[in-house]
1. Residue pairs, Cβ under 6 Å, 6 or more apart or interchain, first in region 102-130 and closer than 17 Å to CYS143 by Cα, second in a strand (DSSP E or B) and charged (D, E, K, R). List them.
2. Go through region 113-143 residue by residue and tally those that are closer than 18 Å to ASN103 by Cβ and out of contact with any strand residue (DSSP E or B) (no Cβ under 6 Å at 6 or more places or on another chain).
Amino acid sequence: MYRRFIATIAAASIAITAMGAAPAFAGDRDTVRALAAILGVAVVGKIIHDNNKKKRANHQPAPVYNHPRTTPPRHYPPRGVQPRHNPPRYHPQPRPLPRHVNNKLLPKQCFQSFDTRRGTIQMFGERCLQRNYRHVKSLPQNCQYKFGTPNGLRSGFEARCLRDAGYRLARG
């Protein structure tokens, strides 16, 4: 596209230069300027038209994703054939439980923030985790944190340290 554009501009400039080399009368200069302006507008319009034409030609519709069926299709007898007395029935099977439960999801209700002398600390309270999370013993011990508050001594696991170890906050 750019080669065609540059070639058109070069041809137009050569044509205008050739017109300018001929002896001109007083009224010819205005005519040449008007012709050059018209030619420039026509060239730009043609380039825009070609560009839009290419975009329309390359447009492909987005692929359509059909959801898979969850139940098998029902088989009806052909028209004119009487159905059997005891047709087979479809009995849906219960969904199997997931084999892998993510034990790196921490309960949302245990996430708390505490004000200390150093500032606000966001952490998971140890007692809350013991009540609501099965795998407390598998949490990294270097994330355990103890500090004093006006209400007494608190202990828990620092949220940033647990996040760096791969633990996430459970949603819901």
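1. LEU105/ARG168; MET123/GLU158
2. Narrowing region 113-143 to residues closer than 18 Å to ASN103 by Cβ: 124, 126, 128-141, 143.
Now narrow it down to the ones that are out of contact with any strand residue (DSSP E or B) (no Cβ under 6 Å at 6 or more places or on another chain): 128-138, 140-141.
Adding up the residues that qualify gives 13.
Read-outs throughout are calculated quantities, based only on the coordinates presented, and are distinct from any laboratory measurement. What you see is a predicted model; the values in this text were computed from it and never measured. Here Cβ is always computed from backbone atoms with ideal geometry, including for glycine, and neighbour counts include all displayed protein chains.
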